[in-house]
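Following: one structure in structure tokens, then a few remarks.
No lab work stands behind these numbers, since they all come straight from the coordinates. Everything quoted here is computed from the prediction, not taken from an experiment. Don't worry about glycine lacking a Cβ; one is built from the backbone with ideal geometry, like all the others, and counts go over all protein chains shown.
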Amino acid sequence: MELVIAGEVYEAFLPALALVTKWITTKEFLGWWIHLLYGIETTLPSSKSFLAKSDEEDNQFQAYRDLAECWEILYQRITLHWI
């Protein structure tokens with residue numbers, strides 16, 4: 001798929017694209033994304049919710065593959081419309 005964006009619009013989006021790219025590719029963030037992918041939703045008696053660690057998070061090789069697959073699925077579903 002070829003994406004053609006008018007120069008001015010593309011230039012306006014560059015800072016956001018750079019930030020998002022860092023969020024999804026920087027090693028320091030990968031653990032967070034993997035925890036988000038595998039974490040077990042847990043609710044305390046106080047009604048506070050959080051994601052508890054899952055054993056799946058320990059297999060980093062598989063976790064990186066699963067995360068990459070999720071990014072690919074998301075990529076296939078996103079369409080930008082310029083009006």
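Miscellaneous remarks
- Beta carbons closer than 9 Å, at least 6 apart along the sequence or on distinct chains, pair a first residue in region 15-39 that is closer than 18 Å to ASP58 by Cβ with a second that is surrounded by 12 or more Cβ atoms within 10 Å (Cβ to Cβ) and among the basic types (Lys, Arg) for HIS35/LYS53; TYR38/LYS53; GLY39/LYS53.
- Residue check, THR43 closer than 19 Å to ILE73 by Cβ and surrounded by fewer than 11 Cβ atoms within 10 Å (Cβ to Cβ): no
- Where a residue in region 57-76 is touching a residue at least 12 places away in the same chain (Cβ under 8 Å) and loosely packed, with under 11 Cβ neighbours inside 10 Å and its partner, wherever it lies, is of a type in the set (Ser, Thr, Tyr) and part of a helix (DSSP H, G or I), with Cβ under 9 Å and at least six apart: none
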